[in-house]
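No value in this document is a laboratory result; all are computed from the given coordinates. What you see is a predicted model; the values in this text were computed from it and never measured. Cβ: placed from backbone, ideal geometry, glycine included. Neighbour counts: every protein chain shown.
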Amino acid sequence: MGYFIVLHGTSGSGKSANAERLSKILKAKHFALDVILKKNNLDNHKPGSCSISSSDFIKGIKIILPVTKKLLQNKKIVIFDGCIYHKKVLDYLIKNLPYNNYVFTLKAPLNICIERDKLRKKTLGKNVSRRVYELVYKNDYGILIKTKNKSIQEIVKEIISHLPEID
């Protein structure tokens, strides 16, 4: 049975690490929306802002929709992860992929997000991390997963507990 999973949340909440781990366990195709936006020059911010417009997010999704639909038609599992600021983007994704879906909002406290950002090769910086956190934190959608004091294994186990059984 094909279905898709969306892991969204603040930067530093563990979306990418958990999506990568889940994709291995579930033998799923993983799409990192932030990478797709960057590759297609859609990660532009308005001056003085750190947010990407909903229309640019949707343009990025449109790029991968054909391959995603093909995977889902072939009963594959697809995982998306990204700092999705706009409910409109999540609604678009769900509307345009008429398959079973599981959406998870990953949350971590701001101080943890900032500390995790410092460990990245290319950091956002404290101020941008804070602004992204403020944009995304209030956008709860789907199942809420609090990641504070949890390992990747614990978070993945919690996510899997909400999914259909693996064959």
| request: Pop a pseudo-label 7 angstrom from the Cα along the beta-carbon direction at both LYS138 and LYS27 and give the gap in nm to one decimal. | output: 4.4 nm
| task | Pairs of Cα atoms under 8 Å, at least six residues apart: use those to get the relative contact order of the chain, whole percent. | result | 36 percent
| note | Here FRET efficiency (C-beta to C-beta, ASN100 to ARG120, R₀ 35 Å, nearest 0.05) is 0.60
| note | Computed, not fitted: 222 nm per-residue ellipticity of the chain from DSSP H runs ≥ 4 (each -39500 (n - 2.57)), nearest 500, equal to -14500 deg cm²/dmol
| said: Using Cα springs under 10 Å in a Gaussian network model of the chain, which residue among ASN101, ASN139, ASN74 shows the largest mean-square fluctuation? | reply: ASN74
| field | Max mean-square fluctuation residue, GNM over the chain, Cα-Cα springs under 10 Å, options ASP91, ASP43, ASP140 | value | ASP91
| remark: Gyration tensor on Cα atoms of segment 3-160, a ≥ b ≥ c root eigenvalues, a/c under 1.5 rounded, else prolate if a/b beats b/c, else oblate, says oblate
| request: Estimate the FRET efficiency between VAL67 and LYS148 by the formula 1/(1 + (r/R0)^6), using the beta-carbon distance for r and 45 Å for R0, to the nearest 0.05. | output: 0.85
